[in-house]
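All remarks here apply to the structure that follows.
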Amino acid sequence: MASSASTTNHHAKMSLLNRRFVVVGLIVLLIFAVFSEAEASYGAYKVKVINEFPHDPEAYTQGLLYAENDTLFESTGLYGRSSVRKVALQNGKVETVHEMQASDFGEGLTLLGESLFQLTWLQDTGFIYDRYNFSKFKKFTHHMQDGWGLATDGKVIFGSDGTSTLYKIDPKTMKVIRKQVVKSQGHEVRYLNELEYVKDEVWSNVYGTDCIARISPKDGTVIGWILLQSLREDLKSRGYKYFEVLNGIAWDRDGDRIFVTGKLWPKIFEIKLLPLPPSAPLIGEINNLCTPKLNHSILEI
């Protein structure tokens with residue numbers, strides 16, 4: 001009887017030990033799966049040009065968005081030249097324009113419902129326009145350090161001020177709901193500029209670079225980079241000289257099309273993302289290409 005009881009206890013202990021090994025193994029597999037998924041979701045992309053459209057080469061683009069029926073809304077900057085405009089995508093014609101006061105420097109733009117929200121540079125103020133009648137507008141005050149970029153998911157507004165902070169803003173009060181520091185592999189990404197909300201991500205131009213950061217609005221983590229150096233090279237190869245930095249992202253939600261342009265760019269490009277393999281030479285250069293060092297001499301976005 002004693003031997004039988006001992007054997008039973010031995011089997012019970014072994015069974016409990018095996019269960020523990022199984023549980024530990026499942027936990028390890030789960031952790032591995034989570035990290036693998038996170039690693040797989042972080043990537044770099046080059047772009048293929050699907051189409052190109054004319055763009056006003058005098059437009060100092062600060063905000064760009066797609067409305068519907070091949071219609072864009074655009075905010076332009078520079079003192080004495082700032083505006084909000086409605087633009088026909090296919091031919092680049094400015095169909096409606098509101099010229100801003102010479103003392104206002106236009107910045108980021110987003111459309112929520114029937115209202116266009118626009119920021120101004122070096123001020124804590126902006127404007128809300130009736131999308132159908134730009135002469136109907138009112139002023140608002142925000143609580144970011146400066147006004148650079150805006151985007152919306154249809155519920156809240158996301159904002160940038162040229163730092164590494166991504167703001168979530170209540171569109172009714174324009175008060176900041178949440179602030180997140182945007183980081184890429186542990187490093188802060190400064191100079192967040194024009195924003196667009198694309199498929200549950202916030203995309204941001206990074207001022208002074210030819211890169212777009214794909215940011216998770218959940219925690220501010222950069223989950224991927226889009227490298228657009230080829231667009232600048234293409235414009236140069238065609239003899240264009242007088243254009244500035246990449247700035248302007250617009251997403252056609254219904255058609256799932258992405259459009260990009262820049263300050264004083266003569267073209268708007270429709271692009272498709274092409275994943276870069278981990279072995280691609282550009283992968284090792286992402287930090288240098290896309291995360292500029294802090295430079296206090298940069299005053300304009």
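The values are calculated or read from the model by the stated rules, or taken from the named source; none is laboratory data. Remember, predicted model here, so these are calculated numbers, not experimental data. No Cβ is skipped: glycine too gets one built from the backbone with ideal geometry, and neighbour counts run over all protein chains shown. What goes into the accessible areas is simple: the full protein's heavy atoms, side chains included, and nothing from ligands, DNA or RNA. Shrake-Rupley method; radii C 1.70, N 1.55, O 1.52, S 1.80 Å.
Hey, among K155, K179, which residue is outside any loop (DSSP other than H, G, I, E, B), modelled with pLDDT of 95 or more and either of a type in the set (D, E, K, R) or open to solvent by 20 Å² or more (accessible area, probe 1.4 Å) (or both)? Explain how you work it out, then say what you get.
Values: K155 fails: outside any loop (DSSP other than H, G, I, E, B).
Checking each option against the conditions leaves just K179.
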Of (1) among the charged types (D, E, K, R); (2) open to solvent by less than 50 Å² (accessible area, probe 1.4 Å); (3) within 11 Å of the chain's Cα centre (by Cα), D252 satisfies every one except (3)
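Yes/no matrix, rows are residues, columns are (1) of a type in the set (S, T, Y); (2) open to solvent by 10 Å² or more (accessible area, probe 1.4 Å); (3) under 14 Å from H55 (Cβ atoms):
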position	(1), (2), (3)
L78	no, yes, no
L89	no, no, yes
V94	no, yes, yes
V97	no, yes, no
Q101	no, yes, no
G113	no, yes, no
L116	no, no, no
Evaluation of H143 against (1) assigned to a loop (DSSP other than H, G, I, E, B); (2) closer than 21 Å to G248 by Cα; (3) open to solvent by 60 Å² or more (accessible area, probe 1.4 Å); (4) not small (G, A, S) (one fails), failing number: (2)
Determine whether segment 270-281 contains at least one residue that is within 22 Å of G92 (Cα to Cα) and either surrounded by 17 or more Cβ atoms within 10 Å (Cβ to Cβ) or at pLDDT below 95 (or both). yes
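Could you pull out the residue among F117, F134, F127 that is part of a strand (DSSP E or B), of a type in the set (F, W, Y), over 19 Å from M174 (Cβ atoms) and in contact (Cβ under 8 Å) with a residue 12 or more places away in the chain?
Details: F117 fails: over 19 Å from M174 (Cβ atoms); F127 fails: over 19 Å from M174 (Cβ atoms).
So the residue among F117, F134, F127 that is part of a strand (DSSP E or B), of a type in the set (F, W, Y), over 19 Å from M174 (Cβ atoms) and in contact (Cβ under 8 Å) with a residue 12 or more places away in the chain is F134.
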Looking at (1) modelled with pLDDT under 95; (2) under 20 Å from the mean Cα position of the chain (by Cα); (3) in a loop (DSSP other than H, G, I, E, B), can you tell me which one L299 breaks? (2)
